[in-house]
2 protein chains.
Amino acid sequence: MRDFLPAEKARRERVLGVIRETYRAHGFDEIETPVMEESSRLHAGLGGDNEKLAYAVLKRALTADDLNAAAASASPLDLADLGLRFDLTVPLARFYATHRAALPSVFRAIQIAPVWRAERPQKGRHRQFVQCDIDIIGESGALAEVELITATAATLSALGLEGWSVRVNDRRILTGLLDHAGVPAAQHERALITIDKLDKIGADGVAAELAENGIPAAGLAEALAASGWELLDGNPPAWLDQDAYRDLLALRDALPHVDLVFDPTLVRGMGYYTGTIFEVAHPSSSSSLGGGGRYDGMIGRFLGTDVPACGFSLGFERLVDLVDLTTDEVQDAVALVYDPAVPVSRLVALKTHLVAGGSRVRLEARTKNTKTLLERLALEGYTRFAFVEADTTPETLELRALTVG
Amino acid sequence: MRDFLPAEKARRERVLGVIRETYRAHGFDEIETPVMEESSRLHAGLGGDNEKLAYAVLKRALTADDLNAAAASASPLDLADLGLRFDLTVPLARFYATHRAALPSVFRAIQIAPVWRAERPQKGRHRQFVQCDIDIIGESGALAEVELITATAATLSALGLEGWSVRVNDRRILTGLLDHAGVPAAQHERALITIDKLDKIGADGVAAELAENGIPAAGLAEALAASGWELLDGNPPAWLDQDAYRDLLALRDALPHVDLVFDPTLVRGMGYYTGTIFEVAHPSSSSSLGGGGRYDGMIGRFLGTDVPACGFSLGFERLVDLVDLTTDEVQDAVALVYDPAVPVSRLVALKTHLVAGGSRVRLEARTKNTKTLLERLALEGYTRFAFVEADTTPETLELRALTVG
């Protein structure tokens, strides 16, 4: 978990502002849920491996009996009734089930918020990190996917990112492919975990690992080789799910300006996906910048009634490292370098005067080495400065330009 | 802990935006710390009663031995190594001690973030709530107090709040007062807890409670009666601390536009205050909207070297209930009410066209009762709408005004 110093915090807030405004323009509405959810909800099987990484919060007023019982059963989680969320999807499903009556029939949600996972410390992994999720609940058609991808593409463009593409697939296509390859339904999940490694271990590695696990997969290698849109455009193979086929063509048709790559081997980790899945690939990053998909069965787990849902999550931490917004919004920022003899009331009057005129203003006591001081202020983003003496007034204040170097 | 639905979330973000921008204009820099701090820091005696309300986070990979040991000693906190912060001051002190070398010699910090306290559920109290803190570290003079109060006053004005005042006092004045009244130093803290109740139980109640606790307080009632600036303007009593006297007059001199009320009975709960203390009173609220003071000894607890510090915290939850920003920024928001037969690609092209023109756009499927639909959209803040048919193009799109009622 990290501290953010002023320059980095300002950068993060600017990037978050762009994301929030773009999503809002696309008709999504921001909501917020508490950082803690009930343990039973966090451990309901919807978070995959992430459930194991959830931070648990101790119950209040634990008795000696509680402690003895947990010791006897060796179940520390019995001592926790709340936990920190590990994603924003489980909280959204709970939120929607609670507030459905107050929400539009098709609800487009924005969530921009931190999540926590007790990962082992390693490069590029953080235990607290921000996710930017948009979800559409209540829309069963491909319009949901198209709006999610359009809003995400607009956001990446607004952030000045180039060269990215959106890889798409459909869980129904994967199911058809596995059936066609002779993988028994009970082994689908296991097989998908292996196929998900295709990028890393290659087609031969996948075949070897499947064989190792005793999973028959006769026609798989051939099907995996024939990837991309050509699979859909020629004579689509018989195992290609017809609904998924129709939805993918609708996506391509509606998103002519997005570099959309159909990849029938794309898996996405979470078990709750039921239809389209997608992720953003960027040449600078071996892992994706974000992803998502359709999860039509999940809301029903909380609500009792199935409601179609589809979401797209951007990994903010990777994104913020790639984005360069330094040339944006250079606000007029003035440093008033004052002599310690100037009365406080005069300093504050001068500062208030400049703030009222629209400047950002910092009071800075004059030091012996003025040059070093001014250089530091320029590096911190201050664009102008003035020396303030005991008799300086707003009228006699002489503002000069501050430049780096 | 609460969920925030779209309208309330948008209101909160607008108010936070005003607070953040005003503080930034006044030369403060935003930072961020993780929501969890080490248990040992949270329970170092700097949080007063709030320490007892801290949520504790279970250690990872607890063994049966750990559980047995905690059961044997009846110490559930032994099972936690982290906890959720209960305020933003302890994290700031830790942050400053860690990053001092990278920060300006006088550091003006903004922290706008949630904190958690395991309060019993009651009206107006929440277990997760947002605080807006500004702190100045490294400035020993009254300039710090003046800048904090100026920035806070500007923020309250920017939020359109009127009728508030800032009550000020100084811990050194309270000490002088108690010495003068014959309260032994060892009983000062206890006596202050009683004086803090003056508003609720009156001067007689205070005298009775002091007597009950065996605290001699001969001249206290008289001194408490002579409150306000007249105490400073006439012949200041001998017990009035001279440094505090000078600082208070400097505050009044530098803040002519702020309704500043000197109240020698103002206590503020936290034990770490060493000088000026202040809080914002508002006629609509019996409790304060925020407060703060000087805490010169605290940073030294983390750093080893004393560094002067002073802070002002606004209670965001009370503030947001008082603020009315409804007339602000009516963004152009367009609802495209579409016939289900319109292809997805056309819907998205129309939407993208309007978004590019600066509008916020939502696609909304046409329902049988169009009137009800349009009324709901108007209530949600949509200002224009158009019906979209299969042949609608950007050129033939007919936008009409949407009005409530």
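Structure summary
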| read-out | value |
| --- | --- |
| Residues within segment B:358-394 that are under 25 Å from A:Thr22 (Cβ atoms) and in a strand (DSSP E or B), tallied | 10 |
| Which listed residue is more than 8 Å from chain B (Cβ to nearest Cβ), among the acidic types (Asp, Glu), more than 16 Å from the chain's Cα centre (by Cα) and outside any helix (DSSP H, G or I), from A:Glu51, A:Glu37, A:Glu8 | A:Glu37 |
| Lone qualifier among A:Asp81, A:Asp133 - being more than 7 Å from chain B (Cβ to nearest Cβ), more than 20 Å from the chain's Cα centre (by Cα) and not small (Gly, Ala, Ser) | A:Asp81 |
| Sole exception among (1) more than 22 Å from A:Pro91 (Cα to Cα); (2) in contact with a Phe, Trp or Tyr (Cβ under 6 Å, 6 or more places away or on another chain) for A:Gly292, by number | (1) |
| Residue list for segment A:79-100, filter: among the acidic types (Asp, Glu) and closer than 18 Å to A:Gly45 by Cβ | A:Asp87 |
| Tally, over segment A:11-33, of residues that are part of a loop (DSSP other than H, G, I, E, B) and either over 22 Å from A:Arg85 (Cβ atoms) or touching a Pro at 6+ places or on another chain (Cβ under 7 Å) (or both) | 4 |
| Any hit, segment A:257-272, residues being in contact with a Lys or Arg (Cβ under 6 Å, 6 or more places away or on another chain), buried (at least 20 other Cβ atoms within 10 Å of the Cβ) and either outside the structural domain of A:Ala208 (by TED's automatic domain parsing) or farther than 30 Å from A:Val320 by Cβ (or both) | no |
| Hits in segment A:151-170 - residues which are closer than 15 Å to A:His26 by Cα and of a type in the set (A, V, I, L, M, F, W, C) | A:Ala151, A:Ala153, A:Ala154, A:Leu156, A:Ala158 |
| The lone exception for A:Arg24 - which of (1) within 21 Å of the chain's Cα centre (by Cα); (2) more than 7 Å from chain B (Cβ to nearest Cβ); (3) basic (Lys, Arg) it fails | (2) |
| Criterion violated by A:Ala71 - all others in (1) touching a helix residue (DSSP H, G or I) at 6+ places or on another chain (Cβ under 7 Å); (2) over 26 Å from B:Ala61 (Cα atoms); (3) not charged (D, E, K, R) satisfied | (2) |
| Subset of segment A:66-78 [at the interface with chain B (Cβ under 9 Å from one of its Cβ atoms) and either within 24 Å of B:Pro121 (Cβ to Cβ) or within 30 Å of the chain's Cα centre (by Cα) (or both)] | A:Asp66, A:Leu77 |
| Qualifying position, being part of a loop (DSSP other than H, G, I, E, B) and closer than 24 Å to B:Gly163 by Cβ, among B:Arg252, B:Arg318, B:Arg268 | B:Arg268 |
| Only listed residue being within 13 Å of another protein chain (Cβ to nearest Cβ), over 14 Å from B:Arg2 (Cα atoms), surrounded by fewer than 20 Cβ atoms within 10 Å (Cβ to Cβ) and among the charged types (D, E, K, R), chosen from B:Arg120, B:Arg108 | B:Arg120 |
| Residue match in segment A:395-402 (condition: part of a helix (DSSP H, G or I) and more than 14 Å from chain B (Cβ to nearest Cβ)) | no |
| Any hit, segment A:273-283, residues being more than 14 Å from chain B (Cβ to nearest Cβ), among the charged types (D, E, K, R), in contact with an Asp or Glu (Cβ under 8 Å, 6 or more places away or on another chain) and not in a loop (DSSP other than H, G, I, E, B) | no |
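Yes or no, residue by residue, for (1) of a type in the set (Gly, Ala, Ser); (2) in contact (Cβ under 8 Å) with a residue 12 or more places away in the chain; (3) more than 30 Å from A:Asp324 (Cβ to Cβ); (4) not assigned by TED's automatic domain parsing to the domain that holds A:Glu37:
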site: A:Leu82; (1), (2), (3), (4): no, yes, yes, no
site: A:Phe95; (1), (2), (3), (4): no, yes, yes, no
site: A:Ile112; (1), (2), (3), (4): no, yes, no, no
site: A:Gly138; (1), (2), (3), (4): yes, yes, yes, no
site: A:Thr155; (1), (2), (3), (4): no, yes, no, no
site: A:Ala158; (1), (2), (3), (4): yes, yes, no, no
site: A:Thr175; (1), (2), (3), (4): no, yes, yes, no
site: A:Gly182; (1), (2), (3), (4): yes, yes, yes, no
site: A:Ala185; (1), (2), (3), (4): yes, no, yes, no
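Condition check ((1) in contact with a helix residue (DSSP H, G or I) (Cβ under 8 Å, 6 or more places away or on another chain); (2) among the hydroxyl-bearing types (Ser, Thr, Tyr)) across all residues:
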{"residue": "B:Val320", "(1), (2)": "yes, no"}
{"residue": "B:Asp332", "(1), (2)": "no, no"}
{"residue": "B:Val337", "(1), (2)": "yes, no"}
{"residue": "B:Val342", "(1), (2)": "no, no"}
{"residue": "B:Leu347", "(1), (2)": "yes, no"}
{"residue": "B:Leu354", "(1), (2)": "no, no"}
{"residue": "B:Lys368", "(1), (2)": "no, no"}
{"residue": "B:Thr403", "(1), (2)": "yes, yes"}
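The rows are residues; the columns are (1) surrounded by 14 or more Cβ atoms within 10 Å (Cβ to Cβ); (2) at the interface with chain A (Cβ under 9 Å from one of its Cβ atoms); (3) within 42 Å of the chain's Cα centre (by Cα).
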{"residue": "B:Val337", "(1), (2), (3)": "yes, no, yes"}
{"residue": "B:Val344", "(1), (2), (3)": "yes, yes, no"}
{"residue": "B:Leu350", "(1), (2), (3)": "yes, no, no"}
{"residue": "B:His353", "(1), (2), (3)": "yes, no, yes"}
{"residue": "B:Val361", "(1), (2), (3)": "yes, yes, yes"}
{"residue": "B:Lys368", "(1), (2), (3)": "no, no, no"}
{"residue": "B:Thr372", "(1), (2), (3)": "no, no, yes"}
{"residue": "B:Arg376", "(1), (2), (3)": "yes, yes, yes"}
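The values are calculated or read from the model by the stated rules, or taken from the named source; none is laboratory data. Since this is a predicted model, take the numbers as computed values, not measurements. Cβ sites come from the backbone with ideal geometry, for glycine too, and all protein chains shown count toward neighbours.
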